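The values are calculated or read from the model by the stated rules, or taken from the named source; none is laboratory data. Everything numeric in this text was worked out from a predicted model, so none of it was measured. Counting neighbours? That spans all protein chains shown, and the Cβs are built from the backbone with ideal geometry, glycine included. Just the protein is used for accessible areas: all its heavy atoms, side chains included, with ligands, DNA and RNA removed. Shrake-Rupley method; radii C 1.70, N 1.55, O 1.52, S 1.80 Å.
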Amino acid sequence: MSEADIVVVQVLVDSEPFLAFENPSQSLHSSKDGGIWMEQCQDVKKHWQSKEKGIPFHRAAAHGNDKAIKHMIDSLERYCKDDIPGKEHHLLLNILRRPDSQSSPRETALQKAAKAEQRNLKTLEVLLVYPDIAKPPDKTFESAVDRGASKVVEALLNHEELRESFVTSNNIIHAMDKIFQKEDGDDRGPGDRISIVNSLVQHARTKEVFNMAVVEKIIGLNLREVWDKRHKDVQLDKSGLLHLAVCHQNLDFVKIFVAEYPDTVSDKAEISRTDGGDHYPLWFHNRKWDSSTSPSKWVPPEERKKVRDEIRNEIVNATIRRTDKMQKLSEILQESAVGELCFDISLFNSKSYLLRDFVHSLVNHRENMTLLKYEPTIKYAKFPAMDLHPDDKEVFGDTVQHDHREVFDVLKWLRADKGVTSVTELTVLDRLVNPHNELRIARCVKDFGVEILNWRFLDLSLSEFDTDKVKPKIRSLHLYASGKRAVMRHWVSEQGLVSFPNLSWVTIHVIQDTMTAEYCQKTCKFLRKKLGRLAKLKNDQMKSFEYEVISQPWNPKHEGLTDLEELAKRAFPKLSHFILSYRALVSRIVEPAKFTPTKIAIIDNGIMSISPAPYDSRRDLKRSQNTGPTRRDNAADIPYLRQQDRNGTQATHNHPQDAETSAAETDDDENESGDSGNPTRLGESKSNQTLWSRIEQGRSFVDNDFQLSPWLFASDPHGTQMANLICAMDPACRIYVAKVMDGRAGINPDRVAKAIQWAIEQKVDIISMSFAMLEKSDDLEKAIKKANADGIVLLCSTHDEGSNIGKAWPADFTETLTIAACDEYGKLHRTTEAGSYQYMLQGLNVAAGVIPFLESTDKISGSSVATAIVAGLSSLIISCIRRANPNQEFVGVPLLNQVKDRLDKMLSSKESKYILLEKFGGIDQKIKSGEPINAEVVLSTKAFIL
């Protein structure tokens, strides 16, 4: 239409606005669409003879004449405002939305303008000045989606008033269904239709609109571009995304979700395709689904197996990397034909063969080679201490005969023969002298994508690790320090730990064999201060991390005091995860008044808890070792987990930098004020958790005519091992040692009675008596009754002599809880009368620790062992109840009843007397489900909240 025509239209509609909305080809009487001005026309027949049928307004819209449309609407708007005030908007909309009776199907001006979009999209924009005309029942949006008119859809969505009507999950799904469909005569391709979906998805800002049905359709059609266009503020239920991708066998989306939501590989989820129930992603992979909507239907049959195998490997590898608990990992993978998940020879300890002989035989083994299969990604590879065997131990000064390559040979064998491409965690306890080649270590870490590295290599250089491929992958790192300042400064420099952007945990082991005790102490202080500052940094280069500094010998000295934390793992494996978590929880207590540790009296043959210390003739240091039981006012930074001074186990030879000691004492880094780490964090300076630090008081009742047998110099390991078990079970308890015999003989009722009375005076909560006597006394009976009346938990052993013994004390007092030993299946260790004990517990071959300076074995058996474990368990119960109920006081008989109630709930059945440690606080259910054992969560349950 020319400019002159536009002027004519403007003149006409300004004069008679309704003319643009009349149908001149129909008479007033023949149709309701006829105009009210038709009767005034001088020659009506000419209207009927015109080739242009229909209403001018609709014809202008169909031709994309935006200027004419604008004049028509402006004139009508003025007319409605002047002549019909108050109702003008309603009338205007009715006129604009009126369909053209001459078209089939009957279309509105908006629909006609939408179809003319290729001529002029401005017409559509002029009409959308009144966006309500596009709302249902208008079909413009629906028609545009069906035709793939992406520009029309975009124009409609530019109006916020229309988005609520058009941006719905059903419309998004409908638009995706149309991607690969074409209307008759339509030359638009999938690109325009995908643009429509993208426009809708970009405006879908709630999870009700962008819901799982939409997500599943995106995955089913493999619309990666659409997924990337989603609004980032939408909070999806991420737990089911990977499961959907696996179900649809969509490799691209499996990779996306594994990368974006890695933890979901070990999450259970329910999706619409299942019959109900939550399952792991791998479960869906092991089922066959209808592939009619899956992207795999476009893949040639010969490629589908390859895709399926890649998906399986992607999930299995991610599951191995992201699942910490081996029990849960086994549960997830149990329905799949998986290979070996780890390589572990850390327990290799042959006296007849060297490690290199074993490795050589392993990598050259050719019999039934398919028997041992590994996953491409294994959870960990662990190697033993390589310099324990006398023939494998080299010393400084000797001529080096050859390079060591045992670990390199094994890793090469794993890659070449077993197809292992990735090792998540690598632990190698290398040699102090002549270890593996440092450059090759860095290469192995790179080749296997190691994320957790613990390679015991003295003063390891971090510069050797690849900045782009190794450092970003390392999440946890162990370093071993000889005390060289240049090395330690390198570790805390820009080229050191700072260059590991994803590091979350660092452990530095300060090796005592390479320095004096004084220098070791200074080195630990230096590192804690430096790491304390570094750990708080958070910038674009690195995130904050946690750390610990440990002073230790190169190889553990087994003659040292028993580490109670390690003993808990060995003696009570099914409860050890809770014990360690509880230990960490208690260590964070900063207000001692809000928590009272359990007090236990151990009546036995005394203790021996002295750690062997090396000689150092050169130094004359102030002794910082404890010379007696640590009192509460001398406690370390952790209120209930005191730290043993580690200086007593230092090496004898001098450190090469001892000449610089005076300089070290004035080192600015050590003496300047400032943060020296986080002293209240448990892991920063890990304690040996020895028995010595847990003793509150002790007293000997072995007093002959002219001598008193000291309680802290036992001549037999029994009492010390009982104390070890108790303290390993409850990491916060305080013990009171009462010695009533030397060795395992000479016990009598009077001594025991005095010991019980002393324990009552100390206000203990528990008295543990791992012994049995053949006689009693009135004083003993009175002491037992007094302790019971005070609510003290009295625990004692059955005799282990079978039916040869009639009565045994204090077991046969009704006030005591008598404990019998059984095997892991609940079978009694010795013949014991059924009514002679209240509980039985696994007490055979239990690790209790080797006691220095005494003839002892690590594992012991008997009812005395079971009694000590139940004493520790009762202590843990009391500690947990007090910790869970800080505002209540628990002493006396009510507390005794609480202990009995918890022990009863741990029985294997109602008819049984067999205590199962894994039923403590209901953690057996968490163990079965593979859930992490968090003490704080367990203590918040009804098992402990009163």
Hey, Ser27 open to solvent by less than 80 Å² (accessible area, probe 1.4 Å), more than 60 Å from the chain's Cα centre (by Cα) and modelled with pLDDT of 80 or more or not: no
Candidate set from the range 451-468 (those that are within 19 Å of Thr421 (Cβ to Cβ) and modelled with pLDDT under 90); member that is least open to solvent (accessible area, probe 1.4 Å): Asp466
Residues located in the range 742-758, provided they are closer than 27 Å to Leu854 by Cβ, touching a helix residue (DSSP H, G or I) at 6+ places or on another chain (Cβ under 7 Å) and not in a loop (DSSP other than H, G, I, E, B): Pro749, Asp750, Val752, Ile756
Unique match (being within 30 Å of Lys786 (Cβ to Cβ), part of a loop (DSSP other than H, G, I, E, B) and modelled with pLDDT under 90) among Pro932, Pro886, Pro894: Pro886
Residue list for the range 76-97, filter: out of contact with any Leu (no Cβ under 9 Å at 6 or more places or on another chain) and either at pLDDT below 75 or crowded, with 17+ Cβ neighbours inside 10 Å (or both): Tyr79, Asp82, Asp83, Pro85, Gly86, Lys87, Glu88, His89
Selection from the range 98-128 of residues that are modelled with pLDDT of 80 or more and exposed (fewer than 14 other Cβ atoms within 10 Å of the Cβ): Arg106
Filtered residues of the range 753-767 (kept if of a type in the set (Asp, Glu) and in contact (Cβ under 8 Å) with a residue 60 or more places away in the chain): Asp765
Unique residue being open to solvent by 10 Å² or more (accessible area, probe 1.4 Å) and at pLDDT 90 or above when the list is Lys827, Lys785, Lys807: Lys785
Subset tally (residues that are under 15 Å from Lys217 (Cα atoms) and not in a helix (DSSP H, G or I)) for the range 246-278: 6
Residue match in the range 736-747 (condition: surrounded by fewer than 21 Cβ atoms within 10 Å (Cβ to Cβ) and in contact with a His (Cβ under 9 Å, 6 or more places away or on another chain)): yes
Verdict on Ser169 being in contact (Cβ under 8 Å) with a residue 40 or more places away in the chain, open to solvent by 30 Å² or more (accessible area, probe 1.4 Å) and not aromatic (Phe, Trp, Tyr): no
Hey, Leu794 open to solvent by less than 10 Å² (accessible area, probe 1.4 Å), touching a helix residue (DSSP H, G or I) at 6+ places or on another chain (Cβ under 8 Å), without any contact (Cβ under 8 Å) to a residue 40 or more places away in the chain and part of a strand (DSSP E or B) or not: yes
Those helices (runs of 4 or more DSSP H) lying entirely in the range 185-245 with at least 1 residues within 23 Å of Glu142 (Cα to Cα), in contact with a Gly (Cβ under 7 Å, 6 or more places away or on another chain) and open to solvent by less than 10 Å² (accessible area, probe 1.4 Å): 190-202
